[in-house]
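All remarks here apply to the structure that follows.
The values are calculated or read from the model by the stated rules, or taken from the named source; none is laboratory data. Predicted model only: the values in this text are computed from it and were never measured. Backbone-built Cβ (ideal geometry, glycine too); neighbour counts: all protein chains shown.
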Amino acid sequence: MPFVTTRDDVRLHVEEAGEGRPVVFVHEFGGDQRSWEPQLRYFSRRYRCITFNARGYPPSDVPEDVDRYSQARAVDDIRDVMDALGIAQAHIVGLSMGGFATLHFGLTYPARAFALVVAGAGYGAEKQHEDYFRQVSLEVARQFETQGSEAFSHTYGMAAARIAYLVKDPRGWAEFRRLLGEHSALGAANTMRGVQARRPSIYDLEARLAKMTVPTLVVVGDEDDHCLQPGLFMKRVIPASGLAVLPKTGHTLNLEEPALFNGLVAEFLAQVEQGRWLARDPRSNPAQIMRTE
């Protein structure tokens with residue numbers, strides 16, 4: 001089934017590998033389903049792995065109307081892929097834009113998620129940078145439209161949080177940049193305007209996150225500065241959450257450090273499946289420094 005059709009009649013390109021409990025991988029803005037290849041080669045040995053290109057990313061459809069792109073629609077696209085494949089419940093793994101969609105999926109459809117991996121999610125979440133992020137998102141959209149994806153990929157790919165990848169793995173970074181240059185300029189612009197620039201801050205979700213019981217692993221790179229504080233926030237608020245910080249790593253962390261990322265996620269999924277990824281014990285009071293009585 002190379003394509004599935006969403007409830008609002010958008011075709012999404014889907015690929016599968018392996019057998020076992022389903023794991024759905026949700027890609028970032030700068031990537032697409034090909035960005036998960038190191039994970040598919042690893043996890044498909046024991047899981048049924050599913051990737052799909054978000055709307056706006058060929059060969060998935062590229063709706064021309066920006067109002068057909070939103071954070072809520074990105075969440076429902078995950079649901080629609082699962083429905084089309086006959087999957088009632090899955091582990092959901094997302095990076096950046098896909099990490100936001102994964103987090104919102106856990107809030108919206110908690111019964112359909114065994115576990116959540118929320119990686120590199122934080123851009124635009126910091127309240128002091130919220131307005132700036134929205135303005136930059138709109139400018140990025142304009143640059144994709146005016147320059148085209150190939151030309152603008154050379155600029156977008158050199159963002160501060162991508163430099164760690166460039167430094168440690170120039171060949172890998174070059175492939176990332178090349179694939180970004182193949183994206184639809186219209187799809188990228190509409191995604192920036194409809195999803196990125198309009199999504200709510202993670203901090204605005206605090207009350208809902210505090211009630212979410214889905215086991216969650218938050219992963220950030222220590223050189224992905226605008227994801228560090230949101231990562232700590234999610235760790236503090238989500239009851240059954242853990243935080244992994246990858247050293248000397250930026251935003252493209254599943255490609256920068258595939259072995260480390262795969263190992264962390266594999267251990268997390270194993271603990272979830274054994275019922276050993278628990279909510280924080282109330283005796284572990286974060287306000288306490290030392291006990292005196």
Could you check residue 237 against (1) out of contact with any His (no Cβ under 9 Å at 6 or more places or on another chain); (2) over 25 Å from residue 132 (Cβ atoms); (3) surrounded by fewer than 22 Cβ atoms within 10 Å (Cβ to Cβ) and say which number it fails? (2)
Would segment 33-44 turn up any residue that is closer than 16 Å to residue 117 by Cβ, crowded, with 23+ Cβ neighbours inside 10 Å, among the hydrophobic types (A, V, I, L, M, F, W, C) and touching a residue at least 60 places away in the same chain (Cβ under 8 Å)? yes
Is it true that some residue in segment 165-173 is in a helix (DSSP H, G or I), of a type in the set (D, E, K, R), within 20 Å of residue 120 (Cβ to Cβ) and without any contact (Cβ under 8 Å) to a residue 60 or more places away in the chain? no
Among helices (runs of 4 or more DSSP H) lying entirely in segment 53-150, which contain 1 or more residues that are more than 20 Å from residue 10 (Cα to Cα) and at pLDDT 95 or above? 97-108, 130-147
Does residue 291 qualify as being surrounded by fewer than 19 Cβ atoms within 10 Å (Cβ to Cβ), closer than 27 Å to residue 109 by Cβ and over 18 Å from the mean Cα position of the chain (by Cα)? no
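Residues are listed down the side, and each one gets a yes or a no for (1) farther than 19 Å from residue 72 by Cβ; (2) buried (at least 22 other Cβ atoms within 10 Å of the Cβ); (3) within 18 Å of the chain's Cα centre (by Cα):
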position: 116; (1), (2), (3): no, yes, yes
position: 125; (1), (2), (3): no, yes, yes
position: 158; (1), (2), (3): yes, no, no
position: 219; (1), (2), (3): yes, yes, yes
position: 225; (1), (2), (3): yes, no, yes
Taking the stated definitions as given, is residue 149 within 25 Å of residue 59 (Cβ to Cβ), touching a His at 6+ places or on another chain (Cβ under 6 Å) and polar (S, T, N, Q)? yes
Mind listing just one residue for me: the one in segment 8-45 that is among the hydrophobic types (A, V, I, L, M, F, W, C) and in a loop (DSSP other than H, G, I, E, B) and, of those, farthest from the chain's Cα centre (by Cα)? 10
Go through segment 264-289 and give me each residue that's at pLDDT 95 or above and among the β-branched types (Val, Ile, Thr). 265, 272
